[in-house]
Amino acid sequence: MPRRDIEWIESGCAEGMEALDYQFALGKPRARRIAPPGRLNLILERLRFYGVKRNRWRRAWMRWKIVLRVRATDFLSSTRGRFS
């Protein structure tokens with residue numbers, strides 16, 4: 001793994017590595033916060049993952065339908081008491 005990548009990973013994980021008493025490969029870096037990826041980056045990452053693989057898209061579609069059904073059920077059960 002390139003040195004730059006090791007530095008980046010260890011600086012983002014420094015607090016957790018210290019808490020668990022892990023050794024640093026390149027010496028103790030300064031801890032820094034890593035910003036969560038934006039919505040566009042998440043979408044692009046998913047498209048890179050799924051690519052042109054039909055099987056992945058099919059499994060993802062099944063999973064999304066299940067999640068949507070669970071969320072809709074939860075939403076409807078939480079709003080039932082409000083409107084009656």
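The values are calculated or read from the model by the stated rules, or taken from the named source; none is laboratory data. What you are looking at is a predicted structure, and each value in this text was computed from that prediction instead of being measured. Counting neighbours? That spans all protein chains shown, and the Cβs are built from the backbone with ideal geometry, glycine included.
Filter the range 63-84 down to the residues that are polar (S, T, N, Q) and modelled with pLDDT under 90 and list them by number. The answer is Ser77, Ser78, Thr79, Ser84. Any chance you could count how many residues in the range 1-58 are within 15 Å of the chain's Cα centre (by Cα) and of a type in the set (A, V, I, L, M)? Residues that pass the stated criteria total 7.
Close Cβ contacts (under 8 Å, 6 or more residues apart or on different chains) running from residues in the range 1-23 that are without any contact (Cβ under 8 Å) to a residue 12 or more places away in the chain to residues that are surrounded by 14 or more Cβ atoms within 10 Å (Cβ to Cβ) comprise Met17/Glu10; Met17/Phe24. Of the helices (runs of 4 or more DSSP H) entirely within the chain, those holding at least 1 residues that are of a type in the set (Lys, Arg) and either exposed (fewer than 10 other Cβ atoms within 10 Å of the Cβ) or on the phi > 0 side of the Ramachandran plot (or both) occupy 3-12, 39-50, 54-79.
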